[in-house]
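Working notes for the structure below.
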Amino acid sequence: MAEAGALLDLAEDEIHVWRAELDLPADAVERLAGLLSPDERTRAARFLLARVRTRFVVGRGLLRTILARYAGCAPERLRFTYGARGKPALAGSDGTGLSFNVSHSDGCALFAVARGREVGVDVERLRPMPRAERIAERFFSRPERTALREVPPERRVEAFFTCWTRKEAYIKARGDGLGHPLDQFAVSLVPGEAARLWAAGDGDEREVARWSLDAVPPAPGYVAALAALGAGWRLTSREWPLGG
């Protein structure tokens, strides 16, 4: 794994989503840990479980490595700021117009990078979810609950996570976090159906028109979604490291 390399091009109508593994050999973990800032090391130390702590270190190190290839600087020199609800951004001139978002589930991580538009990404491992319908009743909008009940039982878990990742990607792109009520907007969820924002709170059609959703193929056994401001952008999925 190389922390340096040629500058990566990213046009304003492109969005790149990188998939990477968080469970790496010890030497790679140590190398990535060396890129972290003091506050990131402090945050890592708060995790009691070694696997969680290591995955945090790898995730932050990879984020720095990937962004540095677009920003044209050393990974350890990047500085981050955080929005009111915790959404990270590159500070000042470090950003060079870049925006990004990160998600991980188990050992699979996704890093979305764009220029000049807000993005949000979310990934989930498909797994048994006995309480899926109960969770949907609490957090999904009425149209989503209706659509979920109409999905064949054998596809319902996939539909549940499809809905969840699209909703998460949307609120992460907005920078709202879970402060945005999940039942106040609706997304498509039927497996194989095009990803889209169906409705926003209070029937705001302008909000629906402002955002685009897309499905991201992360890895077998996972579902993921990308949300981005505007339309007409091109999505490219890539593996990190390059050629991996």
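Only the coordinates and a few stated rules stand behind these numbers; no lab work does. In this text the structure is predicted, and so the values were computed from the model without any measurement. Quick reminder, even Gly has a Cβ in these numbers, built from the backbone with ideal geometry, and neighbours come from all protein chains shown.
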The answer for trypsin sites (Lys or Arg not before Pro) in the stretch 1-65 that fall in a DSSP coil and have at most 13 neighbouring Cβ atoms within 10 Å is Arg46
Here FRET efficiency (C-beta to C-beta, Trp198 to Ala11, R₀ 22 Å, nearest 0.05) is 0.15
Distance in nm between Arg138 and Ala28 label points, each 7 Å along Cα→Cβ, equals 3.6 nm
Going from the fewest other Cβ atoms within 10 Å to the most, one would list Asp204, Asp39, Asp176 as Asp39, Asp204, Asp176
Longest principal axis of the chain (C-alpha) makes with the long axis of helix 156-174 (C-alpha) an angle, in degrees to the nearest 10, of 60 degrees
Counting only DSSP beta bridges fully inside the chain, the antiparallel percentage to nearest 5 is 85 percent
Toy charge model, Lys and Arg Cβ at +1, Asp and Glu Cβ at -1: the chain dipole around Cα centroid in debye, rounded to 20, equals 580 debye
If unit charges are put on Cβ atoms (+1 for Lys and Arg, -1 for Asp and Glu) and the dipole of the chain is taken about its Cα centre, the option from Thr165, Gly116, His16 lying farthest towards the positive end turns out to be Thr165
Relative contact order in percent for the chain (Cα pairs under 8 Å, 6+ apart) equals 22 percent
Helix-only [θ] at 222 nm, the chain, -39500 (n - 2.57) per DSSP H run of 4+, per residue, nearest 500, equals -10000 deg cm²/dmol
If R0 = 51 Å, then Arg46 and Ala209, at their Cβ-Cβ distance, give a FRET efficiency to the nearest 0.05 of 0.80
From the Cα centre of the stretch 156-204 to that of the stretch 48-69, the distance in Å is 27 Å
Packing-ranked peptide list from 222-230, 66-74, highest mean Cβ count within 10 angstrom first, is 222-230, 66-74
Per residue, the convex hull enclosing the alpha carbons of the chain has a volume in Å³ of 135 Å³
